[in-house]
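The block underneath contains the structure these notes are about, expressed in C-alpha cells.
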C-alpha cells in the first residue's frame, strides 16, 4: 500500500508540474568543447532540440564566444531561442579592494545587455571567501555593488553555488551567511540542486526557507538529468516555481554519451516528467 501511495503521489506531482514561463534553458558549458569549435553549428543543434533559451559561459573583453554580443544574440534568436542568462564574473584580487573591479563589470554588463541577457550569475568566489567570515563579508559587499550596477542597467544579478558553499566557516554555513548578508533587492541566487546535494544540503529546504531569493535553478545530476535516480526533480522544480524562480537551466558536466546527445536526453527527461514542453 505504501509503495502504491508513493507511486500515485509521484505521478500526481509529475502530471501537475508547471511549465516554467521562460521555458527551459541550456547552460552552454555543457557543450563548451563544441561551442569553442563551432558555435554556429552547436547553437543550431541546441535550438533544434527544443531548448527555449541558453546561458552563455564564455565572456572576455566585450565578446561572447569570440563574437560581438549583438551577433551572438542574433545567432541564438535565429535558432528559435533567447539568450536570457549568462555566467560571468571576476574574483576579488588578493591585494587591493573590489572597487577596482567595477570598470570590468561596466563592460561586462553592457556587453551582455547588448546580447539580450536578463540575468548574470557569478559562479565562483576566490579563496578569501572560504578562509574567514571577514573575507566572505567582503564578497557579500562586492556582490551587492555588482547587483546595484546590474539593477541600474535593467538586469538581474545572482550567485551560482557549488558544493563548498555548504561548509561551515567560523560557526556559519557559508551559503546561509551569503543569503543573510546580501541585499535581496540586488542579489539573487542560482541554486544548483546537484551541488547542494553533494554539499550535504537539501535544496527543497533552502527554497522553503528563503523563498524568492532563488530567481534561477540549475537542473543538474551526476550525468544526464534524471540519470542517477537520486534526485526527485518533479516536486523540487515545482516547489521552485511556486516560490518565484524564473530561469530553469539544464547543465551536464559528466556524460554517458557525447555532450550534445546528453543535453538532449536531459531535456527529454524533463518532458517525461511533465516539466518541459
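The values are calculated or read from the model by the stated rules, or taken from the named source; none is laboratory data. Computed from a predicted structure; not experimentally measured. Note that we place each Cβ from the backbone using ideal geometry, even for glycine, and neighbour counts take in every protein chain shown.
Can you pull out every residue in region 48-64 that is surrounded by fewer than 21 Cβ atoms within 10 Å (Cβ to Cβ) and farther than 14 Å from residue 250 by Cα?
48, 58, 60, 61, 62, 63
Pairs please, first residue from region 230-242 and within 13 Å of residue 24 (Cα to Cα), second anywhere and at pLDDT 95 or above and part of a helix (DSSP H, G or I), Cβ atoms under 9 Å, 6+ apart in sequence or on different chains.
Going by the 9 Å Cβ cut-off, the qualifying pairs are 237/193; 237/270.
Against the conditions (1) free of Cβ contacts under 8 Å to residues at least 40 places away in the same chain; (2) touching a helix residue (DSSP H, G or I) at 6+ places or on another chain (Cβ under 7 Å), where does residue 132 fall short? Just the number, please.
Of the numbered conditions (1) free of Cβ contacts under 8 Å to residues at least 40 places away in the same chain; (2) touching a helix residue (DSSP H, G or I) at 6+ places or on another chain (Cβ under 7 Å), the odd one out for residue 132 is (2).
Considering only residues of region 208-229 that are touching a strand residue (DSSP E or B) at 6+ places or on another chain (Cβ under 9 Å) and either assigned to a loop (DSSP other than H, G, I, E, B) or in contact (Cβ under 8 Å) with a residue 40 or more places away in the chain (or both), which is surrounded by the most Cβ atoms within 10 Å (Cβ to Cβ)?
It comes out as 219.
Restricting attention to region 41-72, which residues are under 24 Å from residue 105 (Cβ atoms), assigned to a helix (DSSP H, G or I) and either free of Cβ contacts under 8 Å to residues at least 12 places away in the same chain or in contact with a strand residue (DSSP E or B) (Cβ under 9 Å, 6 or more places away or on another chain) (or both)?
Across region 41-72, the qualifying residues are 69, 71, 72.
Can you say whether residue 205 is more than 17 Å from the chain's Cα centre (by Cα), part of a loop (DSSP other than H, G, I, E, B) and modelled with pLDDT of 95 or more, as far as the supplied structure shows?
no
Quick check on my filter: what residues within region 146-174 are over 23 Å from residue 246 (Cβ atoms) and surrounded by fewer than 18 Cβ atoms within 10 Å (Cβ to Cβ)?
Once the filter is applied, which keeps residues that are over 23 Å from residue 246 (Cβ atoms) and surrounded by fewer than 18 Cβ atoms within 10 Å (Cβ to Cβ), region 146-174 yields 163, 164, 167, 168, 169, 170, 171, 172, 173.
I'd like the full set of residues that are part of a loop (DSSP other than H, G, I, E, B) and either buried (at least 20 other Cβ atoms within 10 Å of the Cβ) or in contact with a strand residue (DSSP E or B) (Cβ under 7 Å, 6 or more places away or on another chain) (or both), limited to region 232-253.
Passing the criteria: 245, 246, 251, 252.
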